[in-house]
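Please read the structure below before turning to the comments.
The values are calculated or read from the model by the stated rules, or taken from the named source; none is laboratory data. Keep in mind that this is a model prediction, so the values were computed, not measured. FYI the Cβ positions are ideal-geometry reconstructions off the backbone, even for glycines, and counts take in every protein chain you see.
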Amino acid sequence: MLVFIIRRILQTIPVLIGVTFVVFIMLHLMPGDPAVVIGGEAASPETLAQIREDLGLNDSVPVQYFRFLSGALRGDLGMSMRNRDRAVVDEIFDARFAITVQLAVVSTAFSVLLGLVIGIVSATRKYSIADTGLMLFALLGLSMPNFWLGILMMNFFAVTLRILPTSGWGTWQQMIMPVVMLGVTGTAVIARMTRASLLDVLNQDYIRTAYSKGLAERKVIFKHALRNALIPVITVVGLQFGGLLAGAILTETVFAINGLGRLIVQSIANRDFPMAQGAILVVATLFVLVNMIVDITYKIVNRRIDLN
Amino acid sequence: MQESASNTPEKEVKVIISHRKAVLRRLYKNPHVVVGATIMLIFILMAILAPILAPYDPFEQVPARRLLPPGSEHFMGTDNLGRDILSRLIFGARVTLLLSFSATFVGGALGTLLGLVSGYYGGPFDSIIMRVIDVFLAFPGILLALFLVTMLGTSAMNILIAIAFFAVPTFARITRGSVMSAKKLEFIDASRAVGATDSRIMFVHILPNIMTPLIVQATLLIATNILVIAALSFIGVGVQPPTPEWGSMIEGGREFVGRADHIMFFPGLFILCVVVGINILGDGLRDALGPKQTK
């Protein structure tokens, strides 16, 4: 087990290095001259040359990459291009990081709770009206453009009924709509997964044995079946969390939440390369780490998988 | 002896045909496949017949008819520039379907090829490909597409490239896994023994045998791609106005929410319907084609 955990952690390192390389090279290839962004269109050639020199843009690409990598490892992602006194790391971690992580964590909790309930109810009442209705609901959740749902909710609850605030993040009232919008896909996926997985398990012999020795249904499901049925669900939850980080881009845009997602969209629009680079790097790193933790958890929960 | 030898190829052909028939029958008999395929077909026909079906010119702006609610003349109302929303939605089906189908095809084919070669040969080539794929899987979905479109610029071709790009890792992974188990089967050894080349074994013997999970994945990916295309347009890096595209129509209607909800409501409803149809089809294919294709 320990060997597996250590190996899984070591495997993450080359992936993370690859991620820094991809992020670096992609923004390097972006159209638009960073010197012009900083100096303005009217800047003289001398000023532009000076800015390029300051930013180290005259160095070869490998040199620039290793400078970026060693900076990133020391927690230095450069300065914003729009506001040259603002360090990228400060902008990301002072406020935005926490907001996006909160948004993703609360949405995941929402999806897991609601998804499990729906999945369990559906599986235990297979082919009933409740099952059909809930699975239809899950299918709609899976197929809906969530930003559309976000705007519809905003229109109904904030504009028409005036019971929820239209935008922002912080109070619990402000959290409801973004969390529902971001969590709806995950809820649907987890509900479908739980149902399928639980139905699989309920067909197995040991469950029949449990019933035949006279255990109550509640006990069979919660003590025997669910424990095994949840194993595949864990992987889905991990993947969902990563998806949420990306989905946060849309949610934060709809509800004007100043998190990492909105930062990425805004800094790409402003051609603030270091800022976009930093934010994307942080999101991708977080995603890799979450997947690592999920894999390890999966292993601990499911000891039947052989080590390979 | 001789007789039976000359009979064998004929028998084989028969077996293949009846296998195909059996698969088709399973597809016809699966209600999910039928319902899903019908919904998808309706949208495909709508895209093809757009010029005939659309009641108005999707680009024509009539200032006197701005922000009209749904009514008898404009079934789904008009937008802030006085354009007929239904006509724009019908033409929008062309953009969305063409982009999502072609991106799925391009990305899926490329990913399948990579996975096939990688899983078949194994070794250092396989390790390198898989590590690169791990890196790309570290960028959650839309982020990679957003990134690529920003880098390349917002043309339809670039959106196609960006969306196709993120299909590659998933397909490569699935194909590689299936190839690794398929290449251990006896008939592969047999065909190698009679002198089949590597590429013949890969494309003629292995690929047809691992198509089921790929077809299911491709179907579900078309649905995902439709949502991603709409999302990219919604944040302004997708299909650019005035081209009628469902996601950018939602974005365009956003500021009129509360006054003219229909502008953003109907495009979302269209997306929902087509994606529901494709997801139902995907579920049905999974049930009908594989004895047990649980994900």
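One table, with the values for the structure above:
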| read-out | value |
| --- | --- |
| Residue in the range A:282-293 that is in contact (Cβ under 8 Å) with a residue 40 or more places away in the chain, away from chain B (no Cβ under 12 Å) and among the polar types (S, T, N, Q) present | no |
| Members of the range A:2-36 found to be in contact (Cβ under 8 Å) with a residue 60 or more places away in the chain, at the interface with chain B (Cβ under 9 Å from one of its Cβ atoms) and either of a type in the set (G, A, S) or not in a helix (DSSP H, G or I) (or both), listed by number | A:M30 |
| Qualifying residue in the range B:169-192 (condition: within 11 Å of chain A (Cβ to nearest Cβ), surrounded by fewer than 18 Cβ atoms within 10 Å (Cβ to Cβ) and over 14 Å from the mean Cα position of the chain (by Cα)) | no |
| Enumerated helices (runs of 4 or more DSSP H) restricted to the range A:186-287, each holding at least 2 residues that are modelled with pLDDT of 85 or more, within 21 Å of the chain's Cα centre (by Cα) and closer than 29 Å to A:A104 by Cα | A:226-254, A:260-269 |
| Qualifying residue in the range B:248-256 (condition: farther than 30 Å from B:S118 by Cβ, among the charged types (D, E, K, R) and more than 8 Å from chain A (Cβ to nearest Cβ)) | yes |
| Conditions (1) at pLDDT 90 or above; (2) more than 16 Å from B:S199 (Cβ to Cβ); number of the one not met by B:L113 | (2) |
| Residues satisfying the stated conditions in the range B:262-276, i.e. more than 7 Å from every other protein chain (Cβ to nearest Cβ) and in contact with a Phe, Trp or Tyr (Cβ under 7 Å, 6 or more places away or on another chain) | B:I263, B:P267, B:F270, B:V274 |
| Meets criteria (more than 11 Å from chain A (Cβ to nearest Cβ), assigned to a loop (DSSP other than H, G, I, E, B) and touching a residue at least 24 places away in the same chain (Cβ under 8 Å)) for B:V216 | no |
| Scope the range A:38-48; condition over 18 Å from A:D59 (Cβ atoms), surrounded by 14 or more Cβ atoms within 10 Å (Cβ to Cβ) and either within 14 Å of chain B (Cβ to nearest Cβ) or not β-branched (V, I, T) (or both); matching residues | A:G39, A:A43 |
| Matching residues in the range B:117-158 - criterion: being more than 8 Å from chain A (Cβ to nearest Cβ) and either touching a strand residue (DSSP E or B) at 6+ places or on another chain (Cβ under 9 Å) or among the β-branched types (V, I, T) (or both) | B:V117, B:I128, B:I129, B:I133, B:V149, B:T154 |
| Scope the range A:150-177; condition in a helix (DSSP H, G or I), more than 8 Å from every other protein chain (Cβ to nearest Cβ) and farther than 16 Å from B:I235 by Cβ; matching residues | A:M153, A:F156, A:F157, A:A158, A:W172, A:Q173, A:Q174, A:M175, A:I176, A:M177 |
